[in-house]
Amino acid sequence: MASAYTPEEREAVYRSISERRDVRRGFLPTPLPQELLDRLLAAAHSAPSVGLMQPTRFIVVRSIETRTKVHHAFVEANQQASQIYTGARLDAYSALKLEGILEAPQNLCIVCEAQSTQGHGLGRQSMPETAVYSTVCAIQNLWLAARAEGVGVGWVSIVSPDALRSILTIPAELMLVAYLCLGYVDGFGNAPELERQGWERRKALADVVSYERYQAREQP
């Protein structure tokens with residue numbers, strides 16, 4: 001049997017998982033040192049990937065000019081997104097803080113080269129989407145490493161991929177997966193912000209686990 005980590009090491013891993021947060025506020029203006037940013041990117045780059053294809057590419061965004069353009073794209077997309085809500089739900093949506101593009105001194109755009117020949121197509125014949133799944137694994141690696149380093153990460157999904165392609169000159173053959181805000185923060189919430197703001201409740205583990213065959217659960 002392979003050796004396990006010590007209890008203290010295991011606790012650190014599980015703590016990072018349980019305390020990871022999608023951070024939208026409280027970013028500090030101090031930029032991350034290059035060596036710290038390199039550690040986070042290395043953690044992401046070491047993520048598992050189907051066929052060892054390593055499809056993930058990183059674009060570090062630091063300039064205020066570029067971040068301002070991205071923020072404008074967010075504002076436009078957020079206005080469109082809000083139109084699906086009405087009444088109290090619209091009020092709740094409007095009160096949410098959904099990005100830290102300008103507050104975080106560095107942003108990170110992550111794309112996937114899904115058609116890369118590296119890996120020789122292994123594992124992608126029946127499930128080609130595993131290429132982008134590999135990139136999502138890289139993002140989670142970065143997120144957990146960032147929490148261990150005291151660095152906040154926030155995923156901005158309310159933005160037009162076409163707008164980001166134009167701003168960051170992303171080639172058409174690359175799939176845009178994530179736009180992240182990252183930086184030192186003044187603290188981490190004791191629960192996910194959307195839970196604390198009353199937007200949604202987390203499901204219990206028992207509600208999402210089945211054995212031997214899928215069993216649907218009734219929605220509350």
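The values are calculated or read from the model by the stated rules, or taken from the named source; none is laboratory data. Not measured: the values here are computed from a predicted model. Cβ placement follows ideal geometry from the backbone for every residue including glycine, while neighbour counts extend to all protein chains displayed. What goes into the accessible areas is simple: the full protein's heavy atoms, side chains included, and nothing from ligands, DNA or RNA. Shrake-Rupley method; radii C 1.70, N 1.55, O 1.52, S 1.80 Å.
Would you be able to say whether some residue in the stretch 125-133 is at pLDDT 95 or above, surrounded by 22 or more Cβ atoms within 10 Å (Cβ to Cβ) and under 14 Å from Ala178 (Cβ atoms)? Within the stretch 125-133, none of the residues are at pLDDT 95 or above, surrounded by 22 or more Cβ atoms within 10 Å (Cβ to Cβ) and under 14 Å from Ala178 (Cβ atoms). Which one is nearest to Lys97 (Cα to Cα), of the residues in the stretch 193-214 that are open to solvent by less than 80 Å² (accessible area, probe 1.4 Å) and of a type outside the set (A, V, I, L, M)? The selected residue is Glu193.
Taking every residue in the stretch 127-150 that is among the polar types (S, T, N, Q) and pairing it with any residue that is in a helix (DSSP H, G or I), at least 6 positions away or on another chain, the pairs with Cβ-Cβ distances below 8 Å are Thr130/Val50; Ser134/Val50; Asn141/Ala43; Asn141/Ala44. Within the stretch 98-109, the presence of at least one residue that is open to solvent by less than 30 Å² (accessible area, probe 1.4 Å), more than 18 Å from Val185 (Cα to Cα), in contact (Cβ under 8 Å) with a residue 40 or more places away in the chain and not in a helix (DSSP H, G or I) is confirmed. Residue count for the stretch 1-30, restricted to those that are open to solvent by 60 Å² or more (accessible area, probe 1.4 Å), touching a residue at least 60 places away in the same chain (Cβ under 8 Å) and over 20 Å from Ile139 (Cα atoms): 3. If the condition is being among the β-branched types (Val, Ile, Thr) and open to solvent by 60 Å² or more (accessible area, probe 1.4 Å), then the stretch 134-166 contributes only Val136.
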